Structures are given as structure tokens and as C-alpha cells.
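Every number in this text was worked out from the coordinates using simple rules, so none of it is lab data. This structure is a prediction, so every number in the text was calculated from the model and none was measured. Cβ atoms come from the backbone with ideal geometry, glycine included; neighbour counts cover every protein chain shown.
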Amino acid sequence: MAFRQIQLMPIRALIIDDSSVMRKIVERSLRQAGIDLAPVLEAGNGAEALVVLQENQVDLILCDVNMPVMDGLEFIKQLPGVPNAKDVPVVMITTEGSESHVVQALSSGARGYIRKPFTPEQVREHVVPVLAGKS
Amino acid sequence: MNSHTQVLAANSSHENWIPLLEMAVREVFELMLGCQLTAPAEGAETTPEFTAMVGLAGQLCGLLSIRCNGKAAALMTSKMLGVDLDKVGPEVSDALGEVCNMAAGNFKNKIAGLAEGCMLSPPTVVTGSDYTLHSLSDSPAIEVRLLFEGMLIVITLQINS
């Protein structure tokens, strides 16, 4: 498979969600989807994530939409201001499944959108093309 | 669908929501916990030691709640995190809140117009059973009762408008 051929190094992922349980579920789903992960970074909201990104290089960001302090859409808008993260692909993961939410997220710069509840297969479908630069 | 459901003074359009609410909850448990919910015996009851609530506002105003006992809440957490039951700690409230949040989101996404026009509050979880929930109005409600690993969970949608 093309993805396995190009994934030479473990993926450095940042998972942003105000629920620690959901962060663990997303990490487990990524692993179950066959994605080789380096130790995963976590943040409880967009503002925390921006701080994490100041000091860490990542390959992939998975981000909830509705969060306190700074929500996912505002986080995406501010991401270009972080020099070592401005080109990192962001995949949104949220319960908000309407078309307008999807359009808003994608037009804000998200590269993918996963609706909760989800399966590892759905995570794979949305994340692998992003990592392969096809989305 | 074969759960015991109840319409509490809800109108006919609300009654039509019962199978959608049940489907929404079943999907959350199947996809995120990897288990099938089953229908309870008639008259089954539980002591609601955990109550998770998510508010809905916009075209539908109301409150979705999920009530279950402590063992069910702990087992849900165990399945969500993929850890042994004896390793489950204080994240039980977080897990049950997320189940309720996903059930509410999945439910509104199944009703035309609500995905766009209805917003969800962050989940709130109450622990303990000695409480009374008071609604601002004499609002109707729909209720779905299902068994999770043999334990009753009660899902109620209180409808304010």
C-alpha cells in the first residue's frame, strides 16, 4: 500500500480535545488504523495546543471543534502564526456533523473532517490521504 | 429496534424521534465501545448513580440525559479506553459525558435541519442518586431504555421547544 511505503518514520501527532478520554480514544484509533505513532502530544484546547507547538515539531494535528478557551476553528486560524507548524495538516474530529460545519472547517484550513462516533477504519480513511499529501 | 421506550406527554413528531434517538445511542456504543445494546425486560430499573447531561439550544431546546449505575459507567469507561475495569479511575465522568455528547450530536444529525440549527452544550455529569431534576417548563420528554452488558441505561430527551 502506498501509505505504508511512504511512512518511514513514526508519525508525530498532536491530539487536541477537552476530554482526556476522547484524546486516548483518538490515539488508540490511530494505532488501530495501522498508523505508526511516535509518543503522542496532547492539549486540552486550542490555546494549549499553540503553546505545545511552539516547542514541538509534529506531522499531524487532530482537533476537536467545540472546546473551552479556544475552539478548533480559532486554533486553525491562528496556526499559520506558529512558524514550525503552519504547514502541518489538521483533521477535525467533532460531533458537529452539519455540512456548514464541514465547509467552515475546510475553508478555515482543515484538511479532513471526522464525525463522532467513528471507527478506526473511518479514521484511516480520513487521515491516511492527509498524511500522504493527497488531501 | 426493540427497546422499551416511553413518550412522556410528547406530541406525534416527538414520538417519531424515539427510533432515531435509540439508533443514535446504539451507534455510539457499537462504534466507540464495540458492544451491542439490547432490550431490557419490562419494568427493569436502575439506581442512577451517574447522570450525564447535554443541553440543546436553537431549533430544538432541551436536555439529553443518560442515567446508569456506577458499574455500568465504569465498564463504559473501560471499554472506551481499552483498559481493564480495575484500572478505571476518575475519568468515568469524562467518559460518560462524552458518550452523552456523542449521542446528542448523532441524534441531532439524524433530523433534517437540526444538524445546522441546534447547538450542544458541553456535557455535565452528576454523581449520586439523591437528586431531583427540575425543568423550567412542564416539558414533554421521550425516553429510551436499553441494556448495556446486562445493566440498564436510561436515555431521556427533555424537550423545551
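Percent relative contact order of chain A, based on C-alpha pairs within less than 8 angstrom and at least six residues apart?
Result for chain A is 24 percent.
For the range A:45-85 and the range A:108-130, what is the centre-to-centre distance using only Cα atoms, to the nearest Å?
Comparing the Cα centres of the range A:45-85 and the range A:108-130, I get a distance of 17 Å.
To the nearest 20 Debye, how big is the dipole of the range B:79-140 about its Cα centre, given +1 on the beta carbon of each Lys and Arg and -1 on that of each Asp and Glu?
Once rounded to the nearest 20, the dipole reads 240 debye.
Dipole of the protein assembly as shown (Lys/Arg Cβ +1, Asp/Glu Cβ -1, origin at the Cα centre): which of A:LEU50, A:VAL82, B:ASN16 lies farthest to the positive side?
Value computed over the given set: A:VAL82.
At q = 0.09, 0.13 Å⁻¹, what log₁₀ I(q)/I(0) does a Debye calculation on the Cα points of the protein assembly as shown give, no solvent, two decimals?
-0.45, -0.90
Strictly greater than 15 Å: what percent of every Cα pair in the range B:52-161 meets that? All intermediate terms of the calculation are to be shown ahead of the outcome.
Details: 3903 of 5995 pairs.
Cα-Cα pairs in the range B:52-161 separated by more than 15 Å: 65 percent.
What is the distance in Å between the Cα centres of the range B:13-85 and the range B:93-161?
8
Which lysines, if any, have their Cα less than 17 Å from the Cα of A:LYS86, not counting same-chain residues under 8 positions apart?
Partners within reach: A:LYS77.
Which angle between 0 and 90 degrees, to the nearest 10, do you get for helix B:70-81 versus the longest principal axis of chain B when only C-alpha atoms count?
Helix B:70-81 sits roughly 80 degrees off the main axis of chain B.
Debye sum, Cα scatterers, the range B:28-92, no solvent: what log₁₀ I/I(0) at q = 0.15, 0.19 1/Å?
Per q value, in the given order, log10 I(q)/I(0) is -0.62, -0.91.
Could you give the nm distance between label points at B:GLN59 and A:GLN32, where each point is 7 Å from its Cα heading toward the beta carbon?
Those two pseudo-labels are separated by 3.2 nm.
Mean residue ellipticity at 222 nm from the helices of chain B, using -39,500 (n - 2.57) per DSSP H segment of n ≥ 4 over the full residue count, to the nearest 500 deg cm²/dmol?
-9000 deg cm²/dmol
Among the listed pairs B:LYS79/B:LYS110; A:LYS116/B:LYS79; A:LYS24/B:LYS87; B:LYS79/B:LYS108; A:LYS116/B:LYS110; A:LYS24/B:LYS79, which are separated by more than 20 Å between their Cα atoms? If you can, show how the numbers build up before the last one.
Details: B:LYS79/B:LYS110 25 Å; A:LYS116/B:LYS79 16 Å; A:LYS24/B:LYS87 14 Å; B:LYS79/B:LYS108 25 Å; A:LYS116/B:LYS110 13 Å; A:LYS24/B:LYS79 12 Å.
From B:LYS79/B:LYS110; A:LYS116/B:LYS79; A:LYS24/B:LYS87; B:LYS79/B:LYS108; A:LYS116/B:LYS110; A:LYS24/B:LYS79, over 20 Å: B:LYS79/B:LYS110; B:LYS79/B:LYS108.
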